[in-house]
Amino acid sequence: MVNREIAPKFQPIKKLSIHEPDSIKYPNGLQAFVFHSADIELIKFEFVFNNYFDDSKLALLNAALSAMLREGTSRRTSAQIADDVDFYGAYLMSEYSFDHTALTLYTMHKYVDKVLPIVLDILTDSIFPQKELETYVRNQKQSLEISFRKNDFLARRIFYKNLFGDSRYGELPSALAFDTIDRDGLLDLYNIQIQPSNCTLFIAGNVDEDILQLVNDLFGQEWGRKGLLLKDHFNRVIPNTGILITEDKSDALQSAIRLGSLSISRSHEDFPALQFVNTLLGGFFGSRLMRNIREDKGYTYSIGSAIASLKHTGFFTIASEVGVDVTQKTLEEIEREFTIITNEKSSENEIDLVRNYMQGVLLGSLESLFSHVDKFKSVYFSNLDLNYYQFYTDVVQSMNSDKVLDIAQKYLNYDDLLKVVVGKIK
């Protein structure tokens with residue numbers, strides 16, 4: 001009989017098993033990756049497009065393009081698209097990120113031939129109706145007006161603008177900017193960006209030969225448009241670092257704090273080690289920042305840090321909201337934690353805790369076939385392969401107090417951080 005009073009022993013990950021997809025390259029330039037599992041009748045089709053930029057001003061237009069993809073074609077209105085998808089119990093969504101635009105379909109195996117042609121219609125014949133565009137612009141302006149009343153939103157805007165400067169990542173929406181979006185601009189971007197040579201298709205589920213043939217028939221040929229896909233343009237990031245930017249809110253009860261700096265991306269060999277140090281500092285509920293500023297001092301409900309990897313750079317950030325009477329004290333405690341982590345060795349117990357947590361998170365993120373797809377996407381778009389996760393695991397298991405101190409001294413410098421406070425500093 002199992003003794004429930006004794007916790008099970010931690011076991012290191014010996015070898016990760018991640019689903020390796022089949023690769024298909026179509027004559028029209030479309031790259032597909034197929035994750036087959038005969039037991040999964042729900043099938044996912046994810047069409048991912050690299051966002052095209054000739055200058056940073058297209059960032060807002062790319063977001064609008066993603067939101068407007070399902071708003072109508074020459075043959076279907078937005079209502080008809082929604083009704084047709086719902087009729088077959090499918091789900092269709094579009095997503096936008098800094099570097100990619102995605103259109104994702106979830107449908108049952110038996111209805112693939114009914115629903116997939118709708119996606120083809122969207123990707124080859126979207127018309128961006130003027131009425132729907134006006135509704136989108138109006139809703140975005142109203143949402144922006146509401147968001148401007150929130151300190152955390154303002155802090156994030158100021159942070160991104162000063163960290164990423166004039167690059168696409170620093171381009172922020174405004175009411176006037178939304179007014180510049182027009183249908184012709186959307187159509188031009190659509191014709192350039194939404195084409196097979198700029199698309200990666202991820203298919204997961206019970207993908208049999210009939211489905212592969214259907215995909216080939218629908219998407220493996222030219223899509224009817226031959227827009228010239230120009231080379232992606234990226235303005236070099238020149239951040240404002242080592243400065244404190246404050247925006248005073250006389251009636252604020254809380255201050256939003258955002259700190260950070262540019263950092264390395266996933267393709268850098270130190271990235272897993274830096275993720276480890278970040279987790280120790282502020283990357284999970286038992287981190288130093290949480291124990292100090294939430295549990296010990298009671299200054300906030302939540303504080304955390306993160307390392308993000310983008311196509312052209314990476315960045316480190318810390319975010320929290322605290323009472324206005326302890327804003328300055330919170331900044332001092334964050335600086336104190338930076339001083340400790342860059343000058344003192346961590347205990348082996350703490351390192352073991354972080355190691356076990358990170359290994360558990362990795363295993364938990366591989367619970368389904370669809371999560372294996374996400375893991376593959378992360379490395380694929382970083383120009384890596386699935387061997388990265390074994391490298392990641394090896395690094396996490398090898399971390400010790402000397403390596404933690406070395407990485408912290410190399411990448412964490414409080415004086416270099418961009419610091420943003422929206423609220424009050426007493």
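The distance between label points at GLU95 and ALA252 comes to 3.2 nm (points 7 Å beyond Cα on the Cα→Cβ vector).
If you take every residue apart from GLN142 with its C-beta less than 15 Å away from the C-beta of GLN142, what net charge results, scoring Lys and Arg +1 and Asp and Glu -1? Once all neighbours under 15 Å are counted, the net charge is +1.
The 3J(HN,Hα) values that the Karplus relation (6.51, -1.76, 1.60; θ = phi - 60°) gives for region 127-138 are, in residue order, 10, 6, x, 4, 4, 5, 5, 5, 5, 4, 4, 4 Hz. Gly and Pro appear as x. Of the options (i) 5, 21, 31, 27, 12, 3, 1, 0; (ii) 4, 19, 25, 20, 14, 9, 5, 2, 0; (iii) 4, 18, 25, 25, 19, 8, 1, 0, only one is P(r) over Cα pairs in 10 Å bins from 0, in percent as computed from these coordinates, and that is (iii).
The label point for SER368 and the one for ASP166, both projected 7 Å from the Cα toward the Cβ, are 4.5 nm apart.
Listed here are the pairs LYS141/LYS377; LYS345/LYS424; LYS25/LYS311; LYS141/LYS297; LYS9/LYS403; LYS375/LYS419; which of them are more than 29 Å apart at the Cα? Don't jump to the answer; show the numbers that get you there.
Working: LYS141/LYS377 33 Å; LYS345/LYS424 35 Å; LYS25/LYS311 23 Å; LYS141/LYS297 39 Å; LYS9/LYS403 25 Å; LYS375/LYS419 32 Å.
The pairs that break the limit, which is 29 Å between Cα atoms, are LYS141/LYS377; LYS345/LYS424; LYS141/LYS297; LYS375/LYS419.
All Cα-Cα separations within region 129-189 were binned at 10 Å from zero, giving a P(r) of 20, 43, 31, 7, each value a whole percent of the pairs.
Given Cα pairs under 8 Å that are at least 6 residues apart, what percent is the relative contact order of the chain? Once divided by the residue count of the chain, the mean separation gives 22 percent. Here, P(r) means the percent of Cα pairs in each 10 Å bin from 0 to the largest distance; for region 169-228 it is 16, 32, 27, 18, 7, 0. Dipole magnitude for the chain: about 760 debye, using +1 per Lys or Arg Cβ and -1 per Asp or Glu Cβ, origin at the Cα centre. Along each principal axis, taking the top coordinate minus the bottom one, the Cα set of region 100-250 gives 63, 35, 32 Å in descending order. Summary value for region 197-352: 22 percent relative contact order, contacts being C-alpha pairs under 8 angstrom separated by 6+ residues. For region 298-426, what does the alpha-carbon gyration tensor say about shape, rounded, prolate or oblate, given a ≥ b ≥ c as the root eigenvalues, a/c under 1.5 as rounded, and a/b over b/c as prolate? In terms of gyration-tensor shape, prolate.
Rule-based calculations on the coordinates, nothing more; no lab input. Computed from a prediction, not measured in an experiment: that's the story for all the values here. Cβ: placed from backbone, ideal geometry, glycine included. Neighbour counts: every protein chain shown.
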